[in-house]
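Where a number appears in this text, it was derived from the coordinates with a stated rule and is not lab data. A quick note: this is a predicted structure, and the numbers were derived from the prediction, not measured. Positions of Cβ are backbone-derived with ideal geometry, glycine not excepted, and every protein chain shown enters the neighbour counts.
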Amino acid sequence: DVKVTQSSRYLVKRTGEKVFLECVQDMDHENMFWYRQDPGLGLRLIYFSYDVKMKEKGDIPEGYSVSREKKERFSLILESASTNQTSMYLCASIGTSRSYNEQFFGPGTRLTVL
Amino acid sequence: AQSVTQLGSHVSVSEGALVLLRCNYSSSVPPYLFWYVQYPNQGLQLLLKYTTGATLVKGINGFEAEFKKSETSFHLTKPSAHMSDAAEYFCAVAYTNAGKSTFGDGTTLTVKP
């Protein structure tokens with residue numbers, strides 16, 4: 001059974017803290033994505049990665065950075081958390097070995113910044 | 001830039017009634033189209049997808065969707081709603097294999113007994 005796991009389901013941090021969200025997939029997928037999900041706004045792409053050490057900005061990268069040192073792991077970093085980063089964060093992965101693959105999602109991390 | 005519009009942020013139906021969730025996309029290039037479902041406190045899972053070929057696509061849990069190029073639509077339907085269908089549904093479009101997807105804002109489906 002394919003799996004995308006995220007390090008925490010719920011996280012509470014204080015303003016100004018550095019926050020790490022971890023995502024691991026066991027499908028040997030090349031492409032990985034970080035989204036944030038807010039009510040009425042759907043999913044918005046923060047960053048994505050096509051390969052180890054490769055990253056590209058998505059639609060809302062401000063205030064975030066990412067790291068991909070190993071193929072299976074894609075980390076989202078909030079350098080200095082702010083209250084407007086309170087949100088649900090979803091990680092996804094997709095492989096390139098088959099055509100027309102859908103994205104596989106993790107369960108999400110609900111982050112609250114106080 | 002491509003966009004996806006889901007008409008109606010909330011849809012309510014009675015158990016046993018037809019479910020119709022609307023999705024339109026903006027593009028002159030035929031896309032790959034997806035419907036995902038999200039149950040409370042869970043990630044998204046794929047319901048169905050259109051890539052090429054037959055325009056009527058069947059998915060899991062009795063859902064189906066029809067790609068209509070002339071209308072740039074990909075509406076999701078189910079003949080008879082079940083209580084377990086209550087969830088949030090997202091339409092998504094992609095233009096490259098294994099590439100980025102653009103998601104709609106989501107439609108919350110409520111099923112009344």
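Taking 30 Å as R0, compute the FRET efficiency from the Cβ-Cβ separation of A:Ser80 and A:Lys53 and round it to 0.05. Mind showing how you got there, number by number?
Details: r = 24 Å, r/R0 = 0.79.
The formula returns an efficiency of 0.80 here.
To the nearest 20 debye, what is the magnitude of the charge dipole of chain B about its Cα centre, counting +1 on the Cβ of each Lys and Arg and -1 on the Cβ of each Asp and Glu? Don't skip to the end; give the middle numbers.
Numbers: 8 positive and 7 negative charges, 42 e Å.
The dipole of chain B has a size of about 200 debye.
Using C-alpha positions alone, give me the convex hull volume of the protein assembly as shown per residue in cubic angstrom.
Details: hull volume 27.7 nm³, N = 227.
It is 122 Å³ per residue.
Residues with amide H under 5 Å of A:Met27's amide H, sequence separation 5 or more or different chain, H placed in the peptide plane at 1.01 Å from N; which?
A:Lys3
Given N residues in chain B, what is its alpha carbon radius of gyration divided by 2.2 N^0.38 Å? Kindly include the intermediate steps, with their values, before the conclusion.
Details: Rg = 13.4 Å, N = 113, 2.2 N^0.38 = 13.3 Å.
Dividing the Cα radius of gyration by 2.2 N^0.38 Å gives 1.01.
Count, for each residue of A:41-50, the Cβ atoms from other chains sitting within 10 Å of its Cβ, then give me the mean as a whole number. Show your work: numbers first, answer last.
Details: counts 3, 12, 11, 2, 4, 0, 0, 2, 0, 2.
Average neighbour count from other chains, rounded to a whole number: 4.
Among A:Gln85, A:Pro39, A:Ser65, pick out the residue whose Cα is farthest towards the positive end of the charge dipole of the stretch A:31-110, where Lys and Arg carry +1 and Asp and Glu carry -1 on C-beta, about the Cα centre.
Value: A:Ser65.
For the stretch A:45-114, what are Rg and Dmax over the alpha carbons, in angstrom?
13.1, 43
Which of the GluC sites (Glu not before Pro) found in the stretch A:31-114 are loop residues per DSSP with 14 or fewer other Cβ atoms within 10 Å of their Cβ? Working shown, then result.
Details: sites: A:Glu56, A:Glu62, A:Glu69, A:Glu72, A:Glu79, A:Glu102; in loops: A:Glu62, A:Glu72, A:Glu79, A:Glu102.
Sparse-neighbourhood loop GluC sites (Glu not before Pro): A:Glu62, A:Glu79.
Taking the Cα centre of the protein assembly as shown as origin, sum charge times position over the Cβ atoms of Lys and Arg (+1) and Asp and Glu (-1), and report the length of that vector in debye to the nearest 20.
In debye, rounded to 20, the protein assembly as shown gives about 180.
For the pairs A:Lys70/B:Lys49; B:Lys49/B:Lys100; A:Lys3/B:Lys112, note any where the Cα-Cα span goes beyond 21 Å.
On the way: A:Lys70/B:Lys49 30 Å; B:Lys49/B:Lys100 15 Å; A:Lys3/B:Lys112 33 Å.
Checking Cα-Cα distances, A:Lys70/B:Lys49; A:Lys3/B:Lys112 exceed 21 Å.
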